[in-house]
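Working notes, beginning with the structure itself.
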Amino acid sequence: MKYVLLIYQPDPFDFRSLPESEQQSIGAAYAALNDTEKVEPGLPLGLPKDALTVRVDDAKAITTAGPFVNAAGAVGGYYIVEAETQEQAVEIAARVPAARLGGAVEVRPAQIYW
């Protein structure tokens, strides 16, 4: 089954303020995930301040500045994972640096729900 891992960055989070060794460790952890079989990295997402939320009212698009959900952290990226079980997907999610740096990773099955 496929799972989507939504990566929530901690807020506030300043990567550049971390020691060089920690920056390298984080980069290496993401690179290792990107090289993991059955793990497909998604595109990095821009900052929430640059997002637009679109709703439709009377067949007219209405835009609002900012993200739809005002969460404690921002969705910074995602992975698509092929896993036999949800537990396997969780094991991969636990390897995402954001999960140990004050953020979180949401594991969601990729399935039709309507």
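Every read-out reported here was derived from the displayed coordinates using simple, explicitly stated rules and does not represent laboratory data. Since we're looking at a predicted model, the values are computed, not measured. Note: ideal-geometry Cβ built from the backbone for every residue, glycine included; neighbour counts use all protein chains shown.
Worth pointing out:
- For trypsin sites (Lys or Arg not before Pro), the sites in the range 1-106 that DSSP calls loop and that have at most 14 other Cβ atoms within 10 Å are LYS38.
- The range 2-109 - Debye-derived log10 I(q)/I(0), Cα point model, q = 0.19 Å⁻¹: -1.00
- Contour minus Cα-Cα distance for ASP50 and GLN23 (0.36 nm per residue): 7.3 nm
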